[in-house]
Each structure stands twice: as structure tokens, then as C-alpha cells.
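This report concerns only the one structure given below.
Please treat every number below as a calculation from the coordinates, not as lab data. Remember, predicted model here, so these are calculated numbers, not experimental data. A quick note on method: Cβ atoms are made from the backbone with ideal geometry, for glycine too, and the neighbour counts reach across all protein chains shown.
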């Protein structure tokens, strides 16, 4: 008892001997932070006050009221109906939809193409491997904007007018108005076939669970991949045949100087897509290659030594480890593609930045416009970061 | 040369040649391994000893000569290769455990996917071998959480789960800290005492003296000398063998 | 015992026929791939060679170009001075040329690691001053050339080199700030880095060209180039910060502890112990950021700054030369490719050298 109180008295004594605040590490840290915040605050205040004064002088409005005003400009292509009497808010929304459209398609195609090229790079066939390596090296070193302009020029300068369009396959036309192709017209059979597809997918998911349980219990494996493939193709097609196998195509035809019917992809969209995909897939190829190579040869050898087939080794040992290395930089590239789609403003594809740019030019409200642009892209980035953090935590290899 | 039809011979290597490009790494190896026999191979680096045992389970491909394992000839036939690999167990210098699977999952991978066993049965076998190598309490840990010696014992158990007819060891203790070498060698000695056929590439001569039926010295792609340990260590017959022994037994 | 008699390896492994078999035809799949690849190469390369070289015009006036089937390289050769130097006064164009040569010389000299010492920094200082004098003029008898006239390739190089040079210290400070234990500093750094990395460069360029003037009190203006340069610097700094952060995280805790036990304070620890090691580790990814900065300068086209891409497009908008975009863009692609490729080769070499040392 006494010993304890003696100790506590000693501790008390040490505490009372105070350290001058300019030497105290904790107080110094607080002081430094206050200083930094002050400096930043002063700069921000200075810039803000100048801005307010300048805006006032130039008679530019502030605030987001303009969003309710009519836009008075047309938009080249839009997934939803839009006209120039719609509000700026709707115009911006259309722009965002266009961004999502090109980004989504771009990401899907890039991942497929990039994976394919990355695997080709590792091929034992010298010709294939060298070609892949050349593609990767060249496409990475040419600025994406230059690639966009190049494809745009190809469409407008080197492709013929609709009357002389090139037709690689019957019904599909390449000309300086874009790519025109036949469109499926709606028929109830398609609806039923699609529903069947949905049901089949659920069925496959259930089948997978059953196959796994069976393997755990009896050891017998089930050719899940082949059966699923057959089901996914077979069942919807069967339904379609049951309805009389209707094919109603809206085939494009030349009338006057242009096509009617069918569906088309504009040169702007195609140029943007081609440029983004070819550029980004080179980076994805490198990521896939690095991921596969990151799995040491010893892993292959140990798994093969157990008697596993090449396919089993890939599926059970190599790919799980490779994916951990591939997914983080891959999501980074997907984000880059989305950000690069903003270059659409240079070739006239009406993505969000294009529309925002027009809005800024018409209303003069640059700060609100640029702020909106940054907000939209920040949303994409931060949600992607969050996803990546979640994924990394989930698959982290457990170590001491 | 005709194959020997002696059912007791589990690995037969006849006039084996291998080249890496133009480098002749194995120059006409002839070797018979009987069931239950334990062979230790030693030699300087570059002598071809690792290459030799890696040829047996086709991790390396030979260009000339024949390899026959348990009556099956090792050719480009994929079915033969997979059959041989499930009969031959291999333990690597760098363990090569699968880091994304638990210890138990590392062991059951082969039985489930190659021998098509039900999961429960595979896990029972796995626990049996984990107990054998004295590491059953770590069954649900990941390889990254274990020491080197523990990982190598798990690697040995992983190969044993496939009930191999012969075990190959490629310098199993070379990557271990000294205090962990004994625990791994002890497991290998227990295995030997149970009658497993073993070919071990190693520098651990104490192990060789205790357990080997034959000790082989390889140099420059040929088997220079091959004798029971008593003769090998006391009366080496070739100059090269003597030189090598003087370098490692100090 | 046995001595290996002199046996030859199987023929297939060591001759040309052997190489072909191993690399192109080793399996059925490979043979199939080789054949269809060769087929497609056959279909595409000869027509391209014909268009680009055999049927092409190199130094002809534009009317002649329209009569031929092949490529019209004259669009480059006849306009090369405008493409490369833009609006810089015609008779003074030797100045940006010399400035670029000085830059290339310095870059080439700096490739060798054993030359990295104090002296190199002096060389760069002197070199950059010479380049500035050549471009701006006004002294030593050189006529003054306003920065609005700086265009073409010198502008591209200027934006990337100054961009990276100024962004580097800022990026290092941000990286240190992000690692800091002081919450205010850490939060500010993280907000800056995530904000800048999350938005496309184009939005920062817009901000630079339209909004920066609003930040300044009346009467003070900054040139368009400076606005773009500041935007590029702010953008690149965030990416440098992330790269340097990787390097800082690779330094073992033991280094910090050893420095502390010697009595070094924060700044000394960073300057003498941590940063020298961290910055060395991240040289390859830093070069990668430089390559990106070089490519990204092309975006100033969108805010109507005359870098080498915009000067090219100006040539193409001339009615005489309209329609030859393919040739012009291919030329630019080769230019950018040469620049980026030599930088990435240097980066790979550095990476190899650094790995050997570890």
C-alpha cells in the first residue's frame, strides 16, 4: 500500500515539472498544424474574395440556378429522348449517360482484348509473342488523344460516303456516317427467350451448388463448364424455335444520300471507343502478363507434381494467386479509361465534359461547371477506390 | 535394352541423356531403384543431380534414353505423365506450398482433384499425415504463418497424401535455418523406417549414413561412384569423390 | 564407372530448323497460330508498304498529292517548320532548335547513373538557363519573343519537363504529408491527392484556363501557357506523391529507429536517411510519370494552346492540305513513340541496375 502511494507521488512529481510549450513535441505538432491551416485558410480566402469580385464585375451569375433553365442546344446522340427545350440539368444527365455508355462498353472490350493480348505475350509461339509485345509497346507510347484524332480522321476522310459504303458482311455498312447494322425488331419470342436465359442463369447457379456438394460428398466431378455453356445457348434457342424461330431484322437500306432503318454507331462514338480500347488494352495486357508471371514457377511444379492437369493447376493454384496481383491495377486502368473518355470533347462526342463545356460557354458559369465535372468523376473514382480496398482486404494472403 | 521385368524395380533409368540447349547435363545415366530402397545423391552444383530426379516426374524432359516408373514408361503421353506424377511424390527446396490455401487445403487438393476423393475422406487422410509429421495443430493456419521447418514438414505431408510409391527430395533442407534442419530430417528418417522408397538429393551426410542403402556421387552429368554408405565414406574409389568428400566433411 | 561418350544433342535443338520447330511449330495449336498469323501479316503489310513507300509522294506540292494513290508525306515535309516551331518568328527558329538540342543533350548525358552528382545539377541549371534565354530572348542581342509565340515541339517539351521538375518537390512534400502523424497535415494531403487523382486532366486544364484568371485581382494576368503549366504541375504532383509514398513505405521501420537513436530530428532523418533511399527505389515509376506527362501535354490542344499536336492540326485545316490527316498523325505518332520509347528503355535499364544492387 505504502509502496504504491510512494510511486504515485513520484509520478505526480514528474508531471508537475512542466516542459516549455515550444519544446513540447505534442504542443509543437499542434502549433504547426494550426499554422498550416491558417496559411491554407488565408490563401483560400484571398482567392475566393478575388473570384467573387471578378464574377461581380463581369456580371456572371453564381449558384446552380441555371440548371432549371432551358439548354437551347442540341445533343448529337442520346440514349434517352432529349430536345433543346429541355433543361441544362437534363442535358448534363444525357452527357453522363453517354459517358457511362462509352465507358462501360469500353471497359468490357478492353478487359477481354487486354487479357487475350497479355496471354499471347506469354505464348511459346515466338511470332505471336513478339507481335503482342510490339502491340503493347507501340500502343502505350502514342498519346490517347492522338489515337482518337487518328480514328476520327479515318472515319471522316478515308471512309466513303453512304452511297459507296464498304460492306464487310451482308447488311453491315462502314461509311463516313459511322457503322450501320441491322437491328432486331421486337417480337414476343425474344422476350420469352431472354426470360429463359435469366431462368437458365439461376439454374446454373443452383447446379453449381449441387455439383460442389456432390463433389465434397462423393469426390465425383461434374463437367460444369461444358454443361452450363450448352444450357446457356441451348435453352433460349429452344424457346425461340418453339415460337417458330422468327427473325425480324430491320435491315438498313440506302435512300437518297443516306441509310434508313437499322441501327448505327456514330463516327464520334466509334473513334472514341477504338482509341480508348486500343490504348488501354495495351496497359491491361501488361498487367495480366505481370500477374500470371508473378506466380512463381515452383507453384506450377508443385501442383503438377501432385498429378493435377494443366487446366486444374491454372484454375486452383495459379489464377487465384494471379488475380490478387491483377485486380488492383486493373481497376486503376478501368478508372483511367473512364477519365480518358472525357477527351470526347475534342472530337465532338457528347459526353459529360462536352455537354458541361457547352453549358459553361453559354452561361459563363465556369466554376459551377468545372465543379460539376470534378464531382461526377470523383464519384466514379472514390467508389472504385472503395471497391478496391474491399477486394484487397478480402483476398489478402494471411501472413505472420 | 529390354526392360527388366523384375516387379521389385520401381524406377528404371536406361541410358538417359539430357541437354539444355547444347549443354550436355546428363550423360548416359543408368539406374535401377528397388522397392523400399533409399538412395542419397550428392555432388557439386551443376552435376545434374537435381535435373536427374526432376526428369523422373517430368518436370524436366529428357531427349534420349528411357525412364520407366512402376512399369509405366515416361513419354510425351499426357495420361502416362499424370499417372506417374500421382505415384511419385516430390518435396522441393523452397517448399512451394500454396499460400492462398490453408495447410489442410494444401493437403486435400491432390486427393480431391486427382484421386477424386470425397472431401471428408480426404480430410481424414490429411489429418493422419499431419499428425505423422507432428504438425496437426496447425491444420487451419496459412503457410505464411508457419516457420520454414514447419512448412517443409507440411510439404512432405502434402506429397504423402497421394500415397506415392516413391518420394523424391530435392535438397529439402538447403533453404532452412540450421535449428530447423533436424525436425525435417527426423520426419524423413521416420518415413524411411516405415519402408518408403526414397531418392534424396542432399548434402546432409549424417542422414545418408543413418538411412541410405546406397550413396551416389554425381559429377559432370555422370554417376561417378555408387556404393553402400560404409564403403562410400570410408573407401571412396575415385579422385573426384575423394575431393568432394574432403570439401563437405570438415 | 561410366564416362559419357561424346554424344551429340538431338539436331532439333540447336540449328535454325530446330529453332523454327521449337518456337513456331512446337504444338498443333502453335503451328495453326503461326500459319494464320503469317497469313494476316501477308495480307496487311505489303499493301501498307505500297501505300507508305512505293506510291507515296515526299516533297511535292499539294496538288500532286491528290493525284496519287499512296501516302502524301509532303504534308509533313512542306510544313515541317510550322509543325515543329509553330508561331515562333521564322528567321529566329534556330533558337528553339538549339534549345531543344541542349535539352536532348542534357537528357542523354543524364542517362548514365554514375554521372549523377552535384555537378549534374549545375549542368542542368546552366542548361535550363540557356534554354530560357534562347526562347525568351531580350538579352545578348537576341530579339524578345513573347511566350504566346512559343509553340510546337518546344512547347510540348517545356510543359512536360518543367511540369515534372516543379511537380517533383511538391509531390515529395505531399507524400511526406500523407505519411505524417499530424491529422491536419495528413488530411490536407490526402484530400489534395485523392481529389486531383480522381478527376481527368482536362477538367484541371479547364480550371486553369478559365478559372485561374478569376482568382487574381484585377490588373494581374497570367499567360495562357503559365495557366496550363500550373495545371499540369498540380496534376503531376499528385501522381508523384503516390509514387513516392510507395518508396517511403518500402523503407523498414529500423531505418527510422536508427536515425532517431542517433538523435536526428525529423528533417534530418528525411533528408539524410529516408528520402535518399526511397527516391532511389522509385526511379522507374517516376520515369513512368514523366512519360505520362509527356503524352498528356497533347491535351492542351483542347484549350487551344499550340503544342505540336495543335500546330499539326492547324496545317491540316489549311484547304490545300486538307484530307491528309492519316499521314500527319502517323508522323506525330512516330515522334511521340520515339520519345516515350527511349524514356521507357532508360527506365527499364535503371530498374535492372537498381535490382542488381538490392
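Key figures for this structure:
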quantity	calculated
Cβ-based exposure ranking for B:242, C:224, in which fewest neighbours within 10 Å come first	B:242, C:224
Alpha-carbon spread of chain A, three principal axes, descending order, Å	98, 78, 45
Fewest-first sequence of A:116, C:82 by Cβ atoms within 10 Å of each Cβ	A:116, C:82
Label point distance in nm, residue A:392-residue A:59, each placed 7 Å from Cα along Cα→Cβ	5.3
Shielding of A:331-342 by partner chains, average beta-carbon count, 10 Å	2
Relative contact order for chain C, counting Cα pairs under 8 Å that sit 6 or more residues apart, in percent	18
Förster-model FRET efficiency, 45 Å R0, residue A:195 and residue A:158, C-beta, rounded to 0.05	0.55
Sorted by Cβ density within 10 Å, fewest first, the residues C:178, A:315	A:315, C:178
Ranked by how many other beta carbons lie within 10 Å on average, peptides B:31-42, C:241-252 from highest	B:31-42, C:241-252
Spin-label proximity, residue A:309 to region B:96-130 - amide N less than 17 Å from point 7 Å beyond Cα toward beta carbon	B:110-117
Inter-probe distance in nm under a simple model that places probes 7 Å from Cα toward Cβ, at residue C:49 and residue C:90	4.0
Quarter of the Cα convex hull surface for the protein assembly as shown, i.e. its orientation-mean projected area (nm²)	59.3
Average other protein chain Cβ within 10 Å of Cβ, residues C:21-28	3
Number of partner chain Cβ atoms within 10 Å, mean per residue of C:206-212	5
Förster radius 25 Å - calculated FRET efficiency between residue C:165 and residue A:332, Cβ distance, rounded to 0.05	0.45
D_trans [Stokes-Einstein, Kirkwood Rh over alpha-carbon pairs] for region C:36-100, 37 °C, 0.692 mPa s, µm² s⁻¹	231
For chain B: relative contact order, % (alpha-carbon pairs under 8 angstrom, 6 or more apart)	25
Whole-Å distance, taken between Cα centres, linking region A:263-293 and region C:230-246	25
Alpha-carbon centroid distance for the pair region C:249-272 / region B:188-205, whole angstrom	49
Protection proxy ranking of B:158-166, B:139-147, B:84-92, A:240-248 - average other beta-carbon atoms within 10 Å, highest first	B:84-92, B:158-166, B:139-147, A:240-248
Packing-based order for A:213-220, C:69-76, using average beta carbon neighbours within 10 Å, highest first	C:69-76, A:213-220
Shape call, chain B: gyration tensor on alpha carbons, a/c limit 1.5	oblate
Chain A, relative contact order in percent, only Cα pairs under 8 angstrom and at least six apart counted	21
Computed E for residue A:221/residue A:129 - FRET, C-beta separation, R0 30 angstrom, nearest 0.05	0.35
Share, in percent, of DSSP beta bridges within the protein assembly as shown that are antiparallel, nearest 5	65
